[in-house]
1. Go through (1) in contact with a strand residue (DSSP E or B) (Cβ under 6 Å, 6 or more places away or on another chain); (2) within 16 Å of the ligand (Cβ to nearest atom) one by one and return the number of the condition residue 150 breaks.
2. Would you check if residue 362 is small (Gly, Ala, Ser), within 28 Å of residue 132 (Cα to Cα) and surrounded by fewer than 20 Cβ atoms within 10 Å (Cβ to Cβ)?
3. For residues in the stretch 431-445 being modelled with pLDDT of 95 or more and in a helix (DSSP H, G or I), which is nearest to residue 173 (Cα to Cα)?
4. Report yes if residue 249 is within 16 Å of the ligand (Cβ to nearest atom) and out of contact with any Pro (no Cβ under 8 Å at 6 or more places or on another chain), otherwise no.
5. List, please: which pairs have Cβ atoms under 6 Å, are six or more places apart or on different chains, and start with a residue in the stretch 48-74 that is crowded, with 17+ Cβ neighbours inside 10 Å and end with one that is part of a helix (DSSP H, G or I) and of a type in the set (Lys, Arg)?
6. Collect the residues in the stretch 186-215 that are within 16 Å of the ligand (Cβ to nearest atom) and of a type outside the set (Gly, Ala, Ser), keeping them in residue-number order.
Amino acid sequence: MALWGGRFTQGPDQRFKDYNDSLKFDYRMALEDIEGSIAWADAIFKAGVLTEQENTDLKKALNELLAEVEKDIDSIATAGDEDIHSYVERRLIEKVGNLGKKLHTGRSRNDQVALDLKLWCRKAVSDALKSITKLQKELVKVASENQGKIFPGYTHLQRAQPVTFAHWVLAYNQMFERDYQRLLNAKALMGTCPLGSAALAGTAYDVDREALAHDLGFDRATSNSLDAVSDRDHVMELLSVASISMVHLSRLAEDLIIYNSGEAKFVELSDKVTSGSSLMPQKKNPDALELIRGKCGRVVGALTGMLVTVKALPLAYDKDLQEDKERLFDAMDTWIDSLDMTTLVFEGIKLNEQNAIDAAKGGYSNATELADYLVGKGIPFREAHSIVGRIVLYAISKQKALEDMDVSEYKEFSDVISDDVYPVLQLENILAKRNIKGGVAPAQTKIELEILTKQLSER
Ligand code: ARG
């Protein structure tokens with residue numbers, strides 16, 4: 001049953017119908033559509049459109065429908081109606097007859113779809129917040145179990161200075177914490193309810209829009225009907241939060257792919273998140289991480305697509321906006337799945353301590369320490385930098401680590417260097433010295449972990 005047709009003398013071409021219909025994807029807003037319809041029934045009853053009995057009967061039927069739909073939402077996709085709004089109305093009319101035809105009084109699919117999608121976005125925010133929290137808790141757990149474990153730190157993908165595995169893990173936790181906060185900010189802007197804006201000019205019935213907004217869990221009603229029916233900022237914003245977070249996940253995936261590679265072997269991924277090769281029996285590929293890295297493009301693509309759809313769109317509602325849903329649904333599914341997959345990766349990750357220590361020791365990553373040592377002996381930093389550069393060149397030619405050079409060799413470069421240089425070059429000391437907020441010292445990590453554990457336990 002179509003919701004329109006009176007002014008048409010011909011039915012739609014099947015090819016147009018296939019192109020135009022949105023039920024195959026907007027069925028995912030079935031619960032929101034019914035929830036909005038129940039609130040609308042109350043609102044137009046209070047406005048004098050429905051009798052008390054009619055309102056009771058409509059809400060009873062809508063609640064029945066809600067229970068039925070909850071059982072098997074996916075089957076709606078192929079029901080053949082134009083969209084989810086037509087589907088709900090048809091099912092309602094099947095249950096209560098002509099009374100069902102009164103529900104749409106004063107409402108348009110334009111404010112209806114704006115409402116449904118905003119409600120959907122608000123729920124999606126809650127789901128994403130939960131998945132971020134699960135991941136953060138897992139990261140904090142792994143960091144707690146690996147406090148003080150030495151790990152090579154990189155800049156330009158060149159060994160730079162030693163860090164700890166926990167410090168590396170918690171760096172990503174910071175990114176996900178910002179994603180969490182960004183989501184909360186986005187949600188704060190999703191607090192206005194568009195229902196009652198009708199097609200574009202506002203409903204002609206005396207509906208209490210503030211009460212309606214509160215019924216549906218919003219903070220207040222929207223203030224301009226033209227904007228309300230065509231506003232999709234929340235979609236763009238959610239896609240942008242998801243994109244930034246996917247960028248974080250893909251950086252994490254890339255780091256772990258490198259750390260897990262045969263060349264590095266700093267970590268080992270569990271069998272649960274890797275797969276084999278059909279040809280090479282020895283292989284164990286980091287597929288989960290590669291997919292997380294790859295799916296970033298899909299989510300960023302959804303954001304780009306949505307921005308371009310809304311660009312230059314004339315006020316108010318236009319059918320172009322129907323293109324908002326598929327990519328939003330897909331992007332949110334992809335993001336949440338990727339967060340959960342990352343949690344799974346960390347649940348089975350194993351640190352290969354010795355390999356990590358060997359790598360942290362190699363590459364002269366204690367050279368900065370030697371320069372600081374010279375500074376401590378009164379040499380200006382720029383000069384110290386140059387002396388250490390020459391020492392490193394010498395050490396490379398002798399294939400020696402800095403801590404393996406004799407004092408007599410050091411004296412060739414600077415006579416201020418003596419026996420007290422060796423403890424300075426120790427990895428543990430290098431870490432412990434960076435004992436300022438945000439620094440790599442295990443003592444700082446311990447403090448940070450206490451703060452994070454408390455913060456996350458409240459979520
Ligand atoms: N399926 C439509 C959408 O997703 C619902 C709104 C249709 N409104 C209209 N005036 N045709 O945007």
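The values are calculated or read from the model by the stated rules, or taken from the named source; none is laboratory data. Model, not experiment: these values are computed from the prediction. Don't worry about glycine lacking a Cβ; one is built from the backbone with ideal geometry, like all the others, and counts go over all protein chains shown.
1. For residue 150, the exception is condition (2).
2. Answer is no for this residue.
3. Applying the filter and picking the extreme gives 445.
4. The answer is no for residue 249.
5. 61/95; 65/91
6. Hits for the stretch 186-215 are 194, 195, 200, 203.
Per-residue answers, yes or no, for (1) within 14 Å of the ligand (Cβ to nearest atom); (2) among the hydrophobic types (A, V, I, L, M, F, W, C); (3) without any contact (Cβ under 8 Å) to a residue 24 or more places away in the chain; (4) within 19 Å of residue 47 (Cβ to Cβ):
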residue	(1), (2), (3), (4)
103	no, yes, no, yes
106	no, no, no, yes
120	yes, yes, no, no
127	no, no, no, no
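Every residue, every condition in (1) within 16 Å of the ligand (Cβ to nearest atom); (2) over 22 Å from the mean Cα position of the chain (by Cα); (3) of a type in the set (Ser, Thr, Tyr); (4) surrounded by fewer than 16 Cβ atoms within 10 Å (Cβ to Cβ), yes or no:
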residue	(1), (2), (3), (4)
266	no, yes, no, no
270	no, yes, yes, yes
275	no, yes, yes, yes
280	no, yes, no, yes
289	no, no, no, no
294	no, no, no, yes
303	no, no, no, no
311	no, yes, no, yes
